[in-house]
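A.B. asks: Dropping the structure in here first, questions after.
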Amino acid sequence: MDSTAEAGEGTGRRLRELRRARGLKQQDLASDDVSVSYISLIESGKRTPSAAVVALLAERLGCSTGYLLTGQDGARTRELELKAAFADLSLHSGAHGEALQAFSEVLASAPVLPEATVRRARLGQALALEQLGRLEAAVQALTGLYEDPECVAGSAEWSQLATALCRCHQALGDQVLSVEIGERALRRLDQLGLEATDDHIRLGAVLVDCYRTRGDLAKARLVADRLIRFADDRGGRTAQLETYWNAALVAQSQGQIGEALALAERARALLAESDHVRQHALLSGVHGTLLLCSDPGDPERAHQLLERSHTQLVEVGTVDEQASAQTALALASLRRDRVAEAQQHASKALGLLRGEPRRESVEARTVLAQAQSAAGESEQAQETLRAAAQQLRQLPPARSSAAVWRRIGDTWQQFGDAAEATAAYQQALNDAGLPGLFPSTDRAGAY
């Protein structure tokens, strides 16, 4: 094949790829001067278009004539790479909607971009989808990148993808798959014998949280202790922050509130110089919740931290994070004897969650029931608590559910209903993997 034919074939291929990327049909490019059949011949490499036809097609496709002829468009490429850089900044600052739009615009011009820029934009798009709560779409995008042969095991991109997939599956409630992805990734890193990097440590930190959510606190503690050693020895600020943060959550789940507070303080100290608003917000929420749980506790300081967390999450947080912040504020209001405020916060949390059967909804209803009881609305409080229990029964049994059943049982006990409390405690034991020796025939509380 001579050079002219090769050039024509390359022009035709680029024309076809760019047209499809723009979502256009051949007739959309046709005009009085260029017929549909002629465009088809160009795309198949059977005709080499004149300079005038190339200019016309480039205008309709929104690219340069240089790109159609040679595949190179330096000015356009630089413009798109700058847009991708600004999208990264938007994602970092919490402007997830802006980031998603910018990454999508970059990907619409993928044929004119280097493969590295395209992959960077695809990863950014997936992370923006995750932060916007569009988890199924995020998982689909992340999985495609993670399973791509171009994704090298042990690389920074590979670690980021594994970490994000763990988070997304955890948020979707698939604790088995989230842990499986994290464990498999860490095993692969051990096989490769690579020195631990910040990205590897952050992957481990997310796996710690997956273990905690699943209720496997022993494994969570073992991995957390190992990661703290790595993070202290060779980890950067972000890796140390996420390690201490998740270790604090594990200590809290184990009832070691003093240790959890100490770890949270270390995380806050590392975060002090950061401009990452969402991380500030989430960690303030963790710290505030720990202060509520501590003995003797500091409800006023806890409320300040939780209020700050909520204000920031309204701007940069996901719907779930905003709802959890409202529930925490409701609990803080109860501790400060501000019953009406507690009801308002808990109701707002449920409004954000749209009443779906999720652990967050159950927790919000449980706090709402406590507030209603404190307001003297006894019948409504019991109805709310029964609704919480009914929702919790729709969720898969797990150790994390056991903790919520325990809170429901404690609330029934506060109401003076021993039968309902006992039924909730029994369900907590079952979900924790400690069923009774004999099946219970007493279905008190319709649990």
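We did not get these values from a lab; they are worked out from the coordinates using the rules stated. As the structure is a prediction and not an experimental result, all values here were calculated from the model. Positions of Cβ are generated from backbone atoms using ideal geometry, with glycine treated the same way; all protein chains shown enter the neighbour counts.
A.B. asks: So which lysines pass the test for Lys46, namely a Cα distance under 27 Å, with those fewer than 8 places away in the same chain ruled out?
C.D. replies: Those lysines meeting the cut-off are Lys25.
A.B. asks: How much length would be gained if the chain were fully extended between Ala116 and Glu377, taking 0.36 nm per residue of separation minus their Cα-Cα distance, in nm to one decimal?
C.D. replies: 87.9 nm
A.B. asks: Angle check, please: helix 175-192 long axis (alpha carbons) against the longest principal axis of the chain (alpha carbons), in degrees 0 to 90, nearest 10.
C.D. replies: 60
A.B. asks: What is the calculated FRET efficiency for Leu194 to Glu307, with r their C-beta to C-beta distance and R₀ = 51 Å, to the nearest 0.05?
C.D. replies: 0.75
A.B. asks: Another question, then. For segment 310-439, state the semi-axes of the equivalent ellipsoid (square roots of 5 times the eigenvalues of the alpha-carbon gyration tensor), sorted largest first and rounded to whole angstrom.
C.D. replies: After scaling each eigenvalue by five and taking roots: 25, 18, 11 Å.
A.B. asks: For the chain, find the longest principal axis of its Cα atoms and tell me its angle to the long axis of helix 96-108, 0 to 90°, nearest 10.
C.D. replies: Between the helix axis and the principal axis of the chain, the angle is about 30 degrees.
A.B. asks: Let me ask you something else. First measure r as the distance between the Cβ atoms of Glu98 and His276, then evaluate 1/(1 + (r/R0)^6) with R0 = 22 Å and state the FRET efficiency to the nearest 0.05.
C.D. replies: 0.85
A.B. asks: Okay, moving on. Would you please calculate the Kirkwood hydrodynamic radius of segment 16-122 over all C-alpha pairs and express it in Å, rounded to one decimal?
C.D. replies: Kirkwood hydrodynamic radius for segment 16-122: 15.0 Å.
A.B. asks: What order do you get for 37-48, 183-194 when each peptide is scored by the mean count of other beta carbon atoms within 10 Å, highest first? Please report the intermediate quantities before stating the final value.
C.D. replies: On the way: 37-48: 17.4, 183-194: 13.6.
In decreasing order of mean packing, 37-48, 183-194 become 37-48, 183-194.
A.B. asks: Could you tell me how many degrees, from 0 to 90 and to the nearest 10, lie between the Cα long axis of helix 156-171 and the main elongation axis, the longest principal axis, of the Cα atoms of the chain?
C.D. replies: Its long axis makes an angle of about 50 degrees.
A.B. asks: Now for a separate question. Let's see if you can work this out: charge +1 on each Lys and Arg Cβ, -1 on each Asp and Glu Cβ, no other charges. What is the dipole magnitude of the chain about its Cα centre, in debye to the nearest 20?
C.D. replies: Once rounded to the nearest 20, the dipole reads 400 debye.
A.B. asks: Taking the convex hull of the alpha carbon atoms in segment 174-298, what volume per residue do you get, in Å³?
C.D. replies: About 102 Å³ per residue, rounded to a whole number.
A.B. asks: Here is a follow-up. Could you calculate the FRET efficiency of Arg237 with Glu79 from 1/(1 + (r/R0)^6), where r is the beta carbon distance between them and R0 is 22 Å, rounded to 0.05?
C.D. replies: 0.10
A.B. asks: When we measure straight from the Cα of Lys219, which aspartates and glutamates land under 19 angstrom away, once same-chain ones fewer than 8 places off are left out?
C.D. replies: Lys219 reaches Asp174, Glu180, Glu183, Asp190, Asp209, Glu242, Glu259, Asp431.
A.B. asks: I want to verify a result. In a Gaussian network model of the chain, Cα cutoff 10 Å, which of these has the top mean-square fluctuation: Ala340, Ala99, Ala138?
C.D. replies: Among Ala340, Ala99, Ala138, the largest mean-square fluctuation in the Gaussian network model of the chain belongs to Ala340.
A.B. asks: Could you give me the percent of Cα pairs per 5 Å distance bin for segment 3-72, shortest bin first, beginning at zero and ending with the bin that holds the maximum distance?
C.D. replies: Per 5 Å bin, starting at 0, the Cα pair percentages come out as 3, 19, 34, 31, 11, 2, 0.
A.B. asks: What full-extension length gain, to one decimal in nm, is calculated for Ala137 and Asp298 as 0.36 nm per residue of separation minus the Cα-Cα distance?
C.D. replies: That pair, Ala137 and Asp298, stretches by 53.9 nm at full extension.
A.B. asks: Comparing Leu368, Leu283, Leu434, which has the greatest mean-square fluctuation in the GNM of the chain with Cα pairs linked when under 10 Å apart?
C.D. replies: Of Leu368, Leu283, Leu434, the most mobile in the Gaussian network model is Leu434.
A.B. asks: For the chain, what is the Kirkwood hydrodynamic radius in Å, using each pair of distinct C-alpha atoms?
C.D. replies: This gives a value of 25.0 Å.
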